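**Q** Next up is a structure, given as structure tokens.
The values are calculated or read from the model by the stated rules, or taken from the named source; none is laboratory data. Owing to the predicted nature of the structure, the values given are computational and were not obtained by experimental measurement. Here the Cβ positions follow ideal geometry from the backbone for every residue, glycine too, while neighbour counts run over all protein chains shown. Areas reflect the complete protein model, heavy atoms only, side chains present, ligands, DNA and RNA absent. Shrake-Rupley method; radii C 1.70, N 1.55, O 1.52, S 1.80 Å.
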Amino acid sequence: GSLVRTEASGYGLIYFLLEMLKDMGKSIKGATVVSSGSGNVSIYAAQKVQELGGKVIAMSDSNGYVVDSGGIDLKIVKQIKEVERKRIKEYVKHRPDAKYHEGCNNIWNVKCDIALPNATQNEIDEKSAEKLVENGVWAVAEGANMPSTPEAIKVFLKNNVAFGPAKAANAGGVAVSGLEMAQNSQRLSWSFEETDNYLNRIMK
């Protein structure tokens, strides 16, 4: 296996998003972000957002979602999800100021600048897209496979929301598979930094 394997889709998504933002003359720094899901894609997308100065305020699983206006503490999410294999609602035991809501679909009612649907297919429907637009979202980049319905995409495009479709935005996983094969065939083992740089270049 290659280094950056685990982080590939999440990091790749943010590298793609950065190019979108550059085109809009906007920055991720200081932006509020909602990242649905709490698996590899969501966790490592959120990690990269935080590294770059953005604030992830909500994450979810199939039962519900948590909102932490101070910024999601990823150490806690990783402990709950990767170590204890528990539900996201455990998060509020560690962060009493955070709020847990049953049902994952309403995560798109949370006001944000950037939405990252990283959970599942068709998770953003027309109604959710309209709510995001109403709340002032200016960019949506898809980390899951086809998470926005065709009707939702129409809403984004009609309202001039920058939209990064999954086929391109979540290609980081496939990209690192390619890099893994390149290393194998050359009997090489690249460092994390080296592989990450290649991934960044591919997403660009």
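**Q** Scan region 1-52 for residues that are polar (S, T, N, Q), closer than 18 Å to residue 176 by Cβ and without any contact (Cβ under 8 Å) to a residue 40 or more places away in the chain and jot them down.
**A** Keep residues of region 1-52 that are polar (S, T, N, Q), which gives 2, 6, 9, 27, 32, 35-36, 38, 40, 42, 47, 50.
Adding the requirement that they be closer than 18 Å to residue 176 by Cβ leaves 2, 6, 9, 40, 42, 47.
6, 40, listed by residue number.
**Q** Any residue in region 125-141 that's on the phi > 0 side of the Ramachandran plot: show its pairings with residues that are open to solvent by 10 Å² or more (accessible area, probe 1.4 Å) and not in a helix (DSSP H, G or I) at Cβ separation under 9 Å, as long as the two are six or more apart or on different chains.
**A** Going by the 9 Å Cβ cut-off, the qualifying pairs are 136/111; 136/113.
**Q** Here is a further query. Go through the residues of region 91-103 one by one and say whether even a single one is open to solvent by 10 Å² or more (accessible area, probe 1.4 Å) and either among the polar types (S, T, N, Q) or touching a residue at least 60 places away in the same chain (Cβ under 8 Å) (or both).
**A** No: region 91-103 contains no residue that is open to solvent by 10 Å² or more (accessible area, probe 1.4 Å) and either among the polar types (S, T, N, Q) or touching a residue at least 60 places away in the same chain (Cβ under 8 Å) (or both).
**Q** Considering each residue of region 53-84, count those that are hydrophobic (A, V, I, L, M, F, W, C) and either open to solvent by 10 Å² or more (accessible area, probe 1.4 Å) or part of a loop (DSSP other than H, G, I, E, B) (or both), and give that number.
**A** Total satisfying the criteria: 6.
**Q** Which residue is most open to solvent (accessible area, probe 1.4 Å), if the candidates are limited to region 1-38 and must be touching a strand residue (DSSP E or B) at 6+ places or on another chain (Cβ under 7 Å) and more than 24 Å from residue 175 (Cα to Cα)?
**A** Going residue by residue through region 1-38, those that are touching a strand residue (DSSP E or B) at 6+ places or on another chain (Cβ under 7 Å) are 13, 16-17, 20-21, 24, 31-38.
When the remaining residues are screened for being more than 24 Å from residue 175 (Cα to Cα), the result is 24, 31-34.
Values: 24: 65, 31: 3, 32: 37, 33: 0, 34: 0 Å².
The qualifying residue most open to solvent (accessible area, probe 1.4 Å) is 24.
**Q** Within the set of pairs 6+ apart or on separate chains, which have a first residue in region 167-192 that is among the β-branched types (Val, Ile, Thr), a second that is open to solvent by 30 Å² or more (accessible area, probe 1.4 Å) and not in a helix (DSSP H, G or I), and C-beta atoms under 7 Å apart?
**A** From region 167-192, the pairs are 176/5.
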